[in-house]
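Asks: Structure below; questions to follow.
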Amino acid sequence: MITPTSRETHLSWSEVHARRLERHALSAPSRDARPADVVAAMCGAHAQVLSAAELSIGLRISGLTREDVRRALWSERDLVKTFGPRGTVHLLPARDLPMWTGALSALPSFGNPTKNARMTPEQTDEVVAAIADALRDAELTADELSEAVISATGPWAGDLVMPAFQGMWPRWRQALSTAANRGALCFGPNRGRKTTYTSPQRWLPGFRPDDRAGALSGVVRHYLHAYGPATPAQFAQWLGAPRRWAAELFASLAGELQTVEVDGGTAWLVAGDTVMPSTPPRGVRLLPYFDAYTVGCHPRELLFPGLAAERALAGGQAGNFPVLLVDGTAAGVWHLRRSGRRLDITVEPFAPLTAARLHELDEQVERVGEFLEGVPRLTVGTVTVGAHA
């Protein structure tokens, strides 16, 4: 049940948590949604760790299997793996890719590479064009794409100037996410253990980015639907954009948005989207690494209260630990270790759980095991594994 609120809306953080849980299908898993539906509602599933993105989706839809998610991504093409908010790898709904590419390609530059690694705007355009041409009818590994780009642009693109995990990358690689944001590139299925890239136009005939103004408006509306009420500064942090630019964007959309008061502070919603659940936030959930709810919801001090800020954040950054969520707030961390079909799941609550909460935790552990096609074993104790890099 939901209750409409007045135009002059005053909300509590309890109501906000309940709304966000409902919008993320975390108050109760959806029974009839498709993977692309919940990914759209989340504004993308962070997929730097693809298995975590799969589990994020699986926990939000009753009976969904890991194979269902993979089929939506690689066979049905309902999902696209590409670079999304903050320049990080995400799964996005294919139907929304025009909006996302239109918006992400409109973001102002935010931070610069080191002087030795920089490319001029003209060089960036040249690299993006070379990427688009190379991937038009192909799925290429990074090495294959590198060879094609350097051949098309010149030796300067291959200068090893970008610090990488195990050495240095060629100069052109800094334009990889730019190419994705402009709609020239997305991820293809792995070739063995090697990542491949391809063109989204191969899978989405007629695809092209939306116009920038409409796309930015669409992303703001999607974001506020999932994470609102929120401020322009919080939107900027989630998207990876300058705060001033975000404030100006919200101001330009004043006719589409409205302000609300949340426990004495001011935040924004889409105009008229002020329905709130009639029941308080509740439920126990095991959220994996980089789950959209923990990364996108603010203020952090309310989502990660007390000990949670020390144990479930890494230098203030969310997502580096899997989180035990109780009634919409971080209340513990957890870790999964797989050995064949056996799944050893250790959960560390920050406060004792009632018998009812432990029963809900058991149900979540069973759901994780079902989705991952393994046999779970729960241990309630200290998690000793550090943060994910």
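The values are calculated or read from the model by the stated rules, or taken from the named source; none is laboratory data. These numbers come from a predicted model, not from an experiment. A quick note on method: Cβ atoms are made from the backbone with ideal geometry, for glycine too, and the neighbour counts reach across all protein chains shown.
The rows are residues; the columns are (1) surrounded by fewer than 17 Cβ atoms within 10 Å (Cβ to Cβ); (2) without any contact (Cβ under 8 Å) to a residue 24 or more places away in the chain; (3) within 25 Å of the chain's Cα centre (by Cα).
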position	(1), (2), (3)
Thr141	yes, no, yes
Ile150	no, yes, no
Thr153	no, no, no
Ala157	no, no, no
Phe165	yes, yes, yes
Arg182	no, no, yes
Phe187	no, no, yes
Asn190	yes, yes, yes
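Per-residue answers, yes or no, for (1) surrounded by fewer than 20 Cβ atoms within 10 Å (Cβ to Cβ); (2) touching a residue at least 60 places away in the same chain (Cβ under 8 Å); (3) assigned to a helix (DSSP H, G or I):
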{"site": "Arg86", "(1), (2), (3)": "yes, yes, yes"}
{"site": "Arg95", "(1), (2), (3)": "yes, no, yes"}
{"site": "Pro98", "(1), (2), (3)": "no, yes, yes"}
{"site": "Gly102", "(1), (2), (3)": "no, yes, yes"}
{"site": "Val127", "(1), (2), (3)": "no, no, yes"}
{"site": "Ala130", "(1), (2), (3)": "no, no, yes"}
{"site": "Asp133", "(1), (2), (3)": "yes, no, yes"}
{"site": "Ala138", "(1), (2), (3)": "yes, yes, no"}
{"site": "Leu145", "(1), (2), (3)": "no, no, yes"}
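Asks: Another question, if that's okay. If I filter region 250-271 down to residues being assigned to a loop (DSSP other than H, G, I, E, B) and farther than 17 Å from Tyr227 by Cβ, which single residue comes out as modelled with the lowest pLDDT?
Replies: Once the filter is applied, the top-ranked residue is Gly264.
Asks: Are any of the residues in region 277-284 surrounded by 17 or more Cβ atoms within 10 Å (Cβ to Cβ) and assigned to a strand (DSSP E or B)?
Replies: Yes - at least one qualifying residue is present in region 277-284.
Asks: Can you tell me which residue within region 55-77, out of those that are in contact (Cβ under 8 Å) with a residue 60 or more places away in the chain and within 21 Å of Leu325 (Cα to Cα), is nearest to the chain's Cα centre (by Cα)?
Replies: Filtering region 55-77 for residues that are in contact (Cβ under 8 Å) with a residue 60 or more places away in the chain and within 21 Å of Leu325 (Cα to Cα), the one nearest to the chain's Cα centre (by Cα) comes out as Ser56.
Asks: Could you run through region 262-314 and say how many residues are over 13 Å from Val333 (Cβ atoms), in contact with a Phe, Trp or Tyr (Cβ under 8 Å, 6 or more places away or on another chain) and not assigned by TED's automatic domain parsing to the domain that holds Thr231?
Replies: 6
Asks: Mind checking which residues of region 298-321 are under 22 Å from Ser51 (Cβ atoms) and in contact (Cβ under 8 Å) with a residue 40 or more places away in the chain?
Replies: Result: Ala314, Gly319, Asn320, Phe321.
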